Amino acid sequence: MAWQDLTKARTTVPLYNARVQISLRPSVLDPAGEATRAAATRLGVTGIKRLRIGKAIELELEAADRATAEAQVTLLSDRLLANPVIEDWSLELAELN
Amino acid sequence: MTIGIVIFPGSNCDRDVHWALQGCLGRSTRFLWHEERDLKGLEAVVLPGGFSYGDYLRCGAIARFAPVLEEVKTFADRGGPVLGICNGFQILTEMGLLPGVLTRNAGLHFLCESTPLEVQPGRCQWLANYHDGEQINLPIAHGEGRYQLDSEDMKRLEDNGQVVLRYRNNPNGSVANVAGITNISGNVLGLMPHPERACDDVSGGIDGRRLLAAALG
């Protein structure tokens, strides 16, 4: 391996793509979801039994390894992106390079 | 003997609180920019209403990380009186100074009206000038004021006498008609109605006066 490659190998930090899906906990009323469901019926789309509105947050982050990336996004989701009193979240994590 | 009024980017009731405290009640006030950390000489702190940081993510979620709030938390933990009105209440819940969370009104509409309330002051310092069961009217102005807490924690809140202000008409679908709650020691109050808009005779009611007057004991 040439010396340039060794330098490159040492300085490249893995990049991860994270997608945090936030949904209202089942016990929490979702008036916006209910209004959307009513509108769907007026559009002519029938048979919708449940419609809940959540949000998705996508981010890319550098981390030494997958476990570190997961720990960082977990902290972020628990403390900032979601409010555990009313929301649940799930994570999809993929390495980009 | 000065009361601090915090200003976040997006606060819009800071001047109203200033007018109520200084103009109507003759109290000395000092504005605190969200990046300030100096609370020296303050007897009480008010987090006013508005849309701090655009209410991005959730109401109060970004404000929670403002430098001034680290100091406000220390101030509150030491027993200092802290009042959160509307967006200020939302911020207090996001900070963890008060339990629960304020969510979208059940009817989806932004509500701007006078609401009938019942006061159960308990040991809440801010409500010491009201008698138990007193009925008052204060204006509300919010889109996200539906108080939410799971039933177990709600029971604890009720058992501790922390629900100090209830709607008599429940305009937004709050659990147990909650309009305002206090912390265990009674020095922190969060409420959705706006007492500062009910201090001046020209505003159609002065039921909020005694609440703000309590700031300095």
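The values are calculated or read from the model by the stated rules, or taken from the named source; none is laboratory data. Note that the structure is predicted; figures quoted are calculated from it, not measured. No Cβ is skipped: glycine too gets one built from the backbone with ideal geometry, and neighbour counts run over all protein chains shown.
Of all residues in the stretch B:96-114 being crowded, with 21+ Cβ neighbours inside 10 Å and outside any loop (DSSP other than H, G, I, E, B), which is nearest to the other protein chains (Cβ to nearest Cβ)? The residue in question is B:101. Residue B:17 passes every criterion in (1) more than 14 Å from chain A (Cβ to nearest Cβ); (2) hydrophobic (A, V, I, L, M, F, W, C); (3) surrounded by fewer than 23 Cβ atoms within 10 Å (Cβ to Cβ) apart from (3).
Got a sec? Which of B:29, B:2 is surrounded by fewer than 19 Cβ atoms within 10 Å (Cβ to Cβ) and more than 14 Å from every other protein chain (Cβ to nearest Cβ)? Step by step, each of B:29, B:2 is checked, and only B:2 is surrounded by fewer than 19 Cβ atoms within 10 Å (Cβ to Cβ) and more than 14 Å from every other protein chain (Cβ to nearest Cβ). Among the conditions (1) loosely packed, with under 13 Cβ neighbours inside 10 Å; (2) without any contact (Cβ under 8 Å) to a residue 24 or more places away in the chain, the only one that residue B:62 does not satisfy is (1).
Could we say that residue B:85 is crowded, with 20+ Cβ neighbours inside 10 Å and within 13 Å of chain A (Cβ to nearest Cβ) here? Taking the combined requirement at face value, the residue does not satisfy it. Whether any residue in the stretch B:134-142 is assigned to a helix (DSSP H, G or I), among the acidic types (Asp, Glu), touching a residue at least 12 places away in the same chain (Cβ under 8 Å) and surrounded by fewer than 18 Cβ atoms within 10 Å (Cβ to Cβ) is what I want to check. Among the residues of the stretch B:134-142, not one is assigned to a helix (DSSP H, G or I), among the acidic types (Asp, Glu), touching a residue at least 12 places away in the same chain (Cβ under 8 Å) and surrounded by fewer than 18 Cβ atoms within 10 Å (Cβ to Cβ), which makes the answer no.
The residues listed here are A:88, A:65; of these, the one that is of a type in the set (Asp, Glu), out of contact with any strand residue (DSSP E or B) (no Cβ under 6 Å at 6 or more places or on another chain) and modelled with pLDDT of 95 or more is A:65. The strands (runs of 3 or more DSSP E) found wholly in the stretch B:144-195 and carrying at least 1 residues that are under 25 Å from residue B:213 (Cβ atoms) occupy B:163-167, B:178-182, B:188-191. Taking the condition in contact with a Gly (Cβ under 9 Å, 6 or more places away or on another chain), assigned to a loop (DSSP other than H, G, I, E, B) and of a type in the set (A, V, I, L, M), does residue A:45 pass? Judged against the criteria, residue A:45 is not a match.
In this entry, residue B:49 passes the filter for residues that are in contact (Cβ under 8 Å) with a residue 60 or more places away in the chain and either of a type in the set (Lys, Arg) or in contact with a Cys (Cβ under 6 Å, 6 or more places away or on another chain) (or both).
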